[in-house]
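Written out below as structure tokens is the structure these notes cover.
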Amino acid sequence: MKLYRKHGAIIVESPILVGVAGFLSLGKKGYRDAKAAAFFPFVFVKSWEYAAPVFVNHERIHFRQQMETLFIGMYFIQIYEDLYSRLFLKLKAPEYYLYRAHEQEAYLNQANLNYLKTRKIFSLFKHTKQKQRIRFIEGQNPLVEIY
Ligand SMILES: [Zn+2]
């Protein structure tokens, strides 16, 4: 395990912790595919290449969401949204993961490295109501497209 300070975050390189966070978020596919995870004030990355600005910005957006919802609120929203998207919309991985409000806000704004400077408080809740259909661009993780 290695620690770095970069892009405004404390970055911990730990493939095991990222794998566990990925598993908790998305099962076996998450264990295999997760590149980074956020738990304020730490950004966990699978390997150093994922400490790139877009990845860190994505995880720092999750920091704000965690603080605004006192962590637990974000997980309640996620459980509700997962039940809804999996049971009623019949979404499978990774679609139900991309349906989550906190992931929608992070993926739609991660490429804007100034997003957190202009972000309005509780912007997460906008994404609980206005859902975008987004999917990963094949081979260009973490980039997504709206379709
Ligand atoms: Zn995320």
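Observations on the structure shown:
- Region 34-50: number of residues that are farther than 18 Å from Y107 by Cβ, within 12 Å of the ligand (Cβ to nearest atom) and not hydrophobic (A, V, I, L, M, F, W, C): 0
- Residue ID - nearest to K117 (Cα to Cα), chosen from residues in region 3-40 that are in contact (Cβ under 8 Å) with a residue 24 or more places away in the chain, assigned to a strand (DSSP E or B) and open to solvent by 70 Å² or more (accessible area, probe 1.4 Å): K6
- Residue count for region 44-58, restricted to those that are at pLDDT 95 or above and touching a Phe, Trp or Tyr at 6+ places or on another chain (Cβ under 8 Å): 3.
- Of all residues in region 82-101, those that are open to solvent by less than 10 Å² (accessible area, probe 1.4 Å) and within 14 Å of the ligand (Cβ to nearest atom) total 3.
The values are calculated or read from the model by the stated rules, or taken from the named source; none is laboratory data. Here the structure is a predicted model, which is why all the values come from computation and not from measurement. Cβ: placed from backbone, ideal geometry, glycine included. Neighbour counts: every protein chain shown. Accessible surface areas use protein heavy atoms only, side chains included; no ligands, DNA or RNA. Shrake-Rupley method; radii C 1.70, N 1.55, O 1.52, S 1.80 Å.
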